[in-house]
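Trainee: One structure is given below, represented as structure tokens, and several questions about it will come after.
Bear in mind that the values in this text are calculations on the coordinates, not laboratory data. Please read these numbers as outputs of a predicted model, since none were measured by experiment. Ideal geometry is used to build each Cβ from the backbone, glycine not excepted, and the neighbour counts take in all protein chains shown.
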Amino acid sequence: MSEEAVPVPTVAEVVGSWNVPDEAVVATRIRKNILVAIQRGFDDPQLVADLAVGPLVMALGKLEVELADARRRIEQLERSVDPGN
């Protein structure tokens, strides 16, 4: 029995395959920046993970703040529609 070699994707192929919605501007920017870093020789998988974590944490923090603000605005609108609450 011969074993066929399964091609191992490159780090750039893996990053390029990340399914990021077109509307996700920040995630798209993070992916593009990581691909640029890989093209410049920073292609160690651990380094790529490290490069992704910082921007992801910042984006998550921004999302949390915006979500909390949206909740406050929804509560204000609900109170204005039903002043009895």
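Trainee: Which value at 222 nm does the chain reach when only helices count, each DSSP H run of 4 or more adding -39,500 (n - 2.57), with the total divided by all residues and rounded to the nearest 500 deg cm²/dmol?
Mentor: Values: 3 runs with 58 residues, N = 85.
Computed mean residue ellipticity for the chain: -23500 deg cm²/dmol.
Trainee: Return the single residue from Leu35, Leu56, Leu67 with maximal mean-square fluctuation; model: Gaussian network over the chain, springs between Cα atoms under 10 Å.
Mentor: Leu67
Trainee: Right, here's the next one. With angles folded into 0 to 90 degrees, how steeply does helix 45-81 sit against the dominant principal axis of the chain? Use alpha carbons for both and round to 10.
Mentor: 20
Trainee: What number, in percent, do you get for the relative contact order of the chain if the mean sequence gap of Cα pairs under 8 Å and at least 6 apart is divided by its residue count?
Mentor: Details: 30 pairs, mean separation 19.4, N = 85.
Rounded, it is 23 percent for the chain.
Trainee: From the residues Leu35, Ser17, Met58, which one has its Cα farthest along the dipole of the chain in the positive direction, the dipole being from +1 and -1 charges on Cβ of Lys/Arg and Asp/Glu about the Cα centre?
Mentor: So the residue we want is Met58.
Trainee: Show me the trypsin sites (Lys or Arg not before Pro) within the range 29-85 that DSSP assigns to loop and that have at most 12 other Cβ atoms within 10 Å of their Cβ. Don't skip to the answer; put the middle values down first.
Mentor: Values: sites: Arg29, Arg31, Lys32, Arg40, Lys62, Arg71, Arg72, Arg73, Arg79; in loops: Arg40.
Here the sparse-neighbourhood loop sites are Arg40.
Trainee: Using the alpha-carbon atoms, what tilt in degrees (0 to 90, nearest 10) does helix 25-39 show relative to the longest principal axis of the chain?
Mentor: For 25-39 against the chain, the angle is about 20 degrees.
Trainee: Just to check, using Stokes-Einstein with a Kirkwood Rh over alpha carbon pairs, what's the diffusion coefficient of the range 11-81 at 10 °C and 1.306 mPa s in µm²/s?
Mentor: Details: Rh = 14.1 Å.
Answer from the Stokes-Einstein relation: 113 µm²/s.
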